[in-house]
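The values are calculated or read from the model by the stated rules, or taken from the named source; none is laboratory data. Treat the numbers as computed from the prediction; the structure is a model and nothing was measured. Cβ placement follows ideal geometry from the backbone for every residue including glycine, while neighbour counts extend to all protein chains displayed. Areas reflect the complete protein model, heavy atoms only, side chains present, ligands, DNA and RNA absent. Shrake-Rupley method; radii C 1.70, N 1.55, O 1.52, S 1.80 Å.
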Amino acid sequence: MISDSDLRELMGELDVKNQERGRWEDVTDKKNGSISYSAKCCRPQVGPLKYLSVTIFEKCSTELLRDFYMDNEYRKEWDKTLIEYKQLQADETSGTEIGSMIKKFPLLTPREYILAWRVWEGKDKTFYCIVKDCEHPLAPRQKKFVRVNFFRSGWRIRKVPGRDACEITMLHQEDAGLNVEMAKLAFARGIWSYVCKMNNALREYSSPIRSRSTSVATMLRLIKKVPDVMEMDSGTTHQILPDIIPTSSNIPSKPTLWQSPSKKKLIANGLLLLGGIACLSRGRTTLGTQLAMACILKKFMKRGPTSDSGKTGPARIPKGKRSIRHRD
């Protein structure tokens, strides 16, 4: 499901010297005394918008940050959008874990994620993780949830040279069914407050919490070593936010980690919707704001180019289903 070839591809995406240069659009660049966050996005030839972000945490080790990101039990405590997490499978041979997550957002049908992930450890306490959508027999589709059918995420955690800090560089693709410009605006305005909330939770992430986490214990049991040949290929370039973008010359004919399968339906995700809610509510959650947000999201889901297609114009609605009361 997730192979060393996927890791090689991720390492290549994160290493500027192995990539062709292209256009990235600045999305946000913010910092305070303990954290800095910057993000860019690009429109690949295949799939939804791709986001490339770098978050630097001061006075933090790579092991602590790795455990924090992988601790789904603790995430339920500080990330109130995550209402349910369940492990479905852990394969010690491949190092792959599969789990289901339910996320809830105001006035929207809960989103269901069935995800597979793997973690690798490289040299100098550098860590990699790949997460992508999948299907599993223990997670049949349920009408009360909207299944997120396209999710690709990968990150690298490593030390910042010469500082008591570490960084996580993340590539992320997830279709939200939103107008492209709306999605970028929502992300830009909402992500910083989420990052600050995450940073506060990290500072409260103590050793007793880590020791009680079954997610962290499973990750430590399944983690694999980065193959030596990949370590040599990746080099040691320390480059933040390389200006890279896939081109027709380097996109294989079959789907890869960062390409969408040809006949998959791409649907909404929680991250960009969270950004949109934060963008328009400015931290307030009045009923009027939520209703306005829901109306705008519905409008952009039905009209304009979405993040998974270049088509324009209003979406066709089957006869008899033009009522304003419909599923998110």
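Points to keep in mind about this one:
- Note that region 188-196 has calculated 3J(HN,Hα) couplings of 4, 7, x, 6, 5, 5, 5, 5, 5 Hz, one per residue in order, obtained from phi through the Karplus relation 6.51 cos²θ - 1.76 cosθ + 1.60 (θ = phi - 60°); glycine and proline are x.
- Net charge of Cβ neighbours under 12 Å - reference residue 199; Lys, Arg +1; Asp, Glu -1: +3
- Taking amide H as placed 1.01 Å from N in the peptide plane, residue 60 has its amide H under 5 Å from the amide H of 165, 166, each at least 5 places away in sequence or on another chain.
- Each part gets one Cα centre, and for region 59-95 versus region 116-165 those centres are 10 Å apart.
- Panel note: the C-alpha atoms of region 1-111, placed on their principal axes, show extents of 40, 39, 36 Å (largest first).
- With kT/(6 pi eta Rh) evaluated at 25 °C and eta = 0.890 mPa s, and Rh the Kirkwood radius from Cα pairs, region 102-179 diffuses with a coefficient of 165 µm²/s according to Stokes-Einstein.
- Charge sum, other residues only, whose C-beta stays under 13 Å from residue 215's C-beta, Lys/Arg counted +1 and Asp/Glu -1: +2
- Annotation: per residue accessible area for region 73-193 equals 39 Å², rounded to a whole number [probe 1.4 Å, protein chains only].
- Dimensionless Rg ratio for region 21-81, taking C-alpha atoms and the 2.2 N^0.38 Å reference: 1.42
- Pairs from 103/125; 159/225; 30/125 whose Cα-Cα separation, in the structure shown, is over 21 Å: 103/125; 30/125
- In a reduced charge model with +1 at each Lys and Arg Cβ and -1 at each Asp and Glu Cβ, region 24-123 shows a dipole moment near 420 debye about its Cα centre.
- Accessible surface of region 49-156 [probe 1.4 Å, protein heavy atoms]: carbon and sulfur percent: 51 percent
- Stokes-Einstein translational diffusion, region 43-191 - Kirkwood Rh over all Cα pairs, 1.002 mPa s, 20 °C, in µm²/s: 126 µm²/s
- ³J(HN,Hα) computed for each position of region 56-68 - Karplus, 6.51 cos²θ - 1.76 cosθ + 1.60, integer Hz, glycine/proline x: 10, 9, 6, 6, 8, 8, 5, 5, 5, 5, 4, 5, 4
- Near residue 94, once Lys and Arg are set to +1 and Asp and Glu to -1 for all other residues with Cβ below 13 Å from its Cβ, the sum equals -2.
- Per-selection Kirkwood Rh - region 51-113 (Cα, Å, 1 d.p.): 14.0 Å
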